[in-house]
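The values are calculated or read from the model by the stated rules, or taken from the named source; none is laboratory data. What you see is a predicted model; the values in this text were computed from it and never measured. Neighbour counts are summed over all protein chains in view; Cβ atoms, including those assigned to glycine, are modelled from backbone coordinates with ideal geometry. Calculation scope for accessible area: heavy atoms of the full protein, side chains included, ligands and nucleic acids excluded. Shrake-Rupley method; radii C 1.70, N 1.55, O 1.52, S 1.80 Å.
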Amino acid sequence: MNDRTTTASAEPGDDVTVAGWAHEIRDLGGIAFLIVRDKTGKIQVKFEKDAMDDELVETGTEVARESVVSVTGAVEEEERAPTGVEIVPDSVEVIAPADPELPLDPSGKVDAELPTRLDNRTLDLRREEAKAIFEIRAEVLRSAREAFRELGSTEITTPKIVATGTEGGTELFPITYFGQEAFMNQSPQLFKQLMVGSGLERVFEIGPIFRAEEHNTPRHLNEATSIDFESAFIDHEEAMDACEQVVRAAYEGVAANCADQLDTLGYDDFEVPDEAFPRLTYEEAIERINATGELDTQLVWGDDLPTEGEKALGTDVGGHYFVTDWPSEIKPFYIKDYDDETELSTGFDLMAPNMELVSGGQREHRYDQLVEGFEAQGLDPEAFDYYTKMFRYGMPPHAGWAIGGERLVMTMLDLPNIREAVLFPRDRQRLSP
Ligand code: ATP
Ligand code: MG
């Protein structure tokens with residue numbers, strides 16, 4: 001349809017063909033309106049019953065809502081039309097009729113429950129609000145990629161079918177691979193580390209991760225999008241700098257390029273975080289959580305931060321913040337401990353601010369310590385030989401992190417459920433569509 005004009009670019013005086021969906025039909029008796037909607041907006045088509053061909057009027061005013069239509073005619077100025085212009089049609093064609101019974105109302109006038117919306121995502125994304133979220137998500141990924149390029153990193157893609165998981169354990173989905181047991185990868189962690197020892201040095205990946213987590217929460221998915229970064233010759237502090245740069249770039253991209261979408265979603269006060277993200281040590285974090293008095297029992301050194309604790313601290317800090325210097329025992333073995341204080345880990349989390357958005361750290365790059373870590377974790381180092389052996393051939397010190405892509409969109413837009421930021425969520429209830 002090369003001669004198609006979008007509804008937003010139809011100007012008075014033009015003869016146009018617009019194509020889109022029959023959004024609404026308003027019949028006022030002698031006059032009737034068909035509102036045609038496309039990606040760019042909506043336009044009114046006017047039918048004057050007495051002055052126009054009967055068949056034309058019938059086609060345009062009796063078409064079922066959400067049918068795909070094409071309208072050819074003259075664009076005229078009309079103050080009373082919602083967009084200030086209307087089309088006086090010469091012809092109307094129903095290209096793809098819709099059933100009169102719709103599973104949900106794309107005009108948004110009738111609310112639908114989330115499961116109904118997810119079952120009918122195509123129709124759901126005809127609603128401006130749902131569409132806006134995914135346009136913003138696309139901008140988040142675009143700006144992240146640009147920030148990664150500014151950081152001098154190379155985009156990679158790594159296997160999602162693997163023989164062993166990153167950390168082993170129950171979070172793996174097993175699959176059959178030509179009669180052999182295999183798994184869906186829970187993280188590109190090991191592969192991206194292997195690449196910092198390659199000639200690439202600094203890499204990023206935006207791709208799916210699979211977690212067989214049993215729990216069903218508003219912030220967990222069984223398939224998520226991980227935004228991963230890993231670089232040779234940086235420490236955890238520099239990794240946090242890079243992380244902050246990418247997160248900020250995502251906010252800046254959305255602020256600069258998604259004004260209409262933010263408006264649709266009702267954010268008139270969307271803010272790019274302006275201050276550097278505070279870096280609290282784990283010790284400071286538990287002290288501050290205890291001081292809020294929100295928890296029934298006081299946290300002690302070595303405890304993981306409970307969800308209510310994270311919420312209380314997030315409210316207290318009021319914006320993104322890092323938690324650093326975790327007890328080594330609660331961070332994964334591949335994260336390096338401080339050389340001078342081995343009970344402390346260089347691992348860090350970024351909170352946004354009421355939930356975890358990022359985990360990262362400097363990595364253990366020394367072969368002997370790495371193999372010991374596998375053993376201490378109860379994992380068989382032999383099974384990870386493809387990984388550990390590369391640490392014998394010159395593996396530079398390195399650090400990196402992973403941002404949860406959906407958590408980034410969720411926290412940025414304050415969405416009540418992470419599923420709002422995924423087209424087709426995978427969770428305990430959903431395997432289709
Ligand atoms: P959490 O403690 O919140 O379950 P995690 O510590 O298990 O997360 P990591 O393995 O550190 O998660 O993964 C890095 C990031 O990926 C997390 O900070 C989060 O943003 C995102 N992420 C991890 N698991 C999930 C999931 N099941 N659903 C959505 N995002 C996830
Ligand atoms: Mg984590």
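Considering only Cα-Cα distances, which of the following residue pairs are longer than 25 Å: LYS42/LYS131; LYS192/LYS331; LYS109/LYS131; LYS131/LYS160; LYS131/LYS311? Let's see the in-between values first.
On the way: LYS42/LYS131 15 Å; LYS192/LYS331 18 Å; LYS109/LYS131 16 Å; LYS131/LYS160 28 Å; LYS131/LYS311 29 Å.
In this structure, LYS131/LYS160; LYS131/LYS311 exceed 25 Å between Cα atoms.
With the Cα gyration tensor of region 91-221 in hand, convert its eigenvalues to equivalent ellipsoid semi-axes via √(5λ) and list them largest first in whole Å.
Working: eigenvalues 288, 103, 43 Å².
Output for region 91-221: semi-axes of 38, 23, 15 Å.
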Accessible area of LEU114, 1.4 Å probe, to the nearest 10 Å²?
40
About its Cα centre, the chain carries a charge dipole, from +1 on Lys and Arg Cβ atoms and -1 on Asp and Glu Cβ atoms, whose size in debye to the nearest 20 is 1100
Rolling a 1.4 angstrom probe over the protein heavy atoms, how many square angstrom per residue are accessible across region 104-241?
46
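For region 28-170, give the magnitude of the charge dipole about the Cα centre (Cβ charges: +1 Lys/Arg, -1 Asp/Glu; no others), in debye to the nearest 20. Write down the numbers at each step before the final one.
Values: 18 positive and 31 negative charges, 204 e Å.
Roughly 980 debye for region 28-170.
What does the charge count around ILE43 come to, taking other residues whose C-beta lies under 12 Å from its C-beta (Lys +1, Arg +1, Asp -1, Glu -1)?
Values: positive: ARG37, LYS42, LYS46; negative: GLU11, ASP14, GLU24, ASP38, GLU76, GLU78, GLU86.
Its environment carries a net charge of -4.
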Sorted on mean Cβ neighbours within 10 Å (highest first), peptides 69-80, 47-58 come out as 69-80, 47-58
For region 7-96, what are the per-bin percents of Cα-Cα distances with bins 10 Å wide, up to the bin holding the maximum?
19, 59, 22, 0
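Below 8 Å, C-alpha to C-alpha, sequence gap of six or more: please give me the relative contact order for region 7-96 in percent. Before the final figure, lay out the partial values.
Values: 211 pairs, mean separation 29.6, N = 90.
Rounded, it is 33 percent for region 7-96.
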Can you give me the % of accessible surface on region 7-96 that is carbon or sulfur? Probe 1.4 Å, all protein chains present, nothing else counted.
45
Overall dimensions of region 347-398 by Cα: Rg and Dmax, Å
14.1, 42
The chain: angle of helix 282-292 to the longest principal axis, Cα-based, in degrees nearest 10
60
In whole angstrom, how far apart do the alpha carbon centroids of region 150-218 and region 55-108 sit?
48
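What is the magnitude of the charge dipole of region 7-96 about its Cα centre, with +1 placed on the Cβ of each Lys and Arg, -1 on the Cβ of each Asp and Glu, and no other charges, expressed in debye to the nearest 20? Mind dumping the intermediate values first?
On the way: 8 positive and 21 negative charges, 104 e Å.
So the magnitude is around 500 debye.
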Counting only DSSP beta bridges fully inside the chain, the antiparallel percentage to nearest 5 is 90
Given only helices, namely DSSP H runs of n ≥ 4 each adding -39500 (n - 2.57), what is the per-residue ellipticity at 222 nm of the chain, to the nearest 500 deg cm²/dmol?
-8500 deg cm²/dmol
Expressed in square angstrom to the nearest 10, the accessible area of MET395 with a 1.4 Å probe stands at 20
Heavy-atom surface of region 286-433, accessible at 1.4 Å and reported per residue (Å²):
45
Ratio of the Cα radius of gyration of the chain to 2.2 N^0.38 Å, where N counts its residues
1.22
Dimensionless Rg ratio for region 183-240, taking C-alpha atoms and the 2.2 N^0.38 Å reference:
1.33
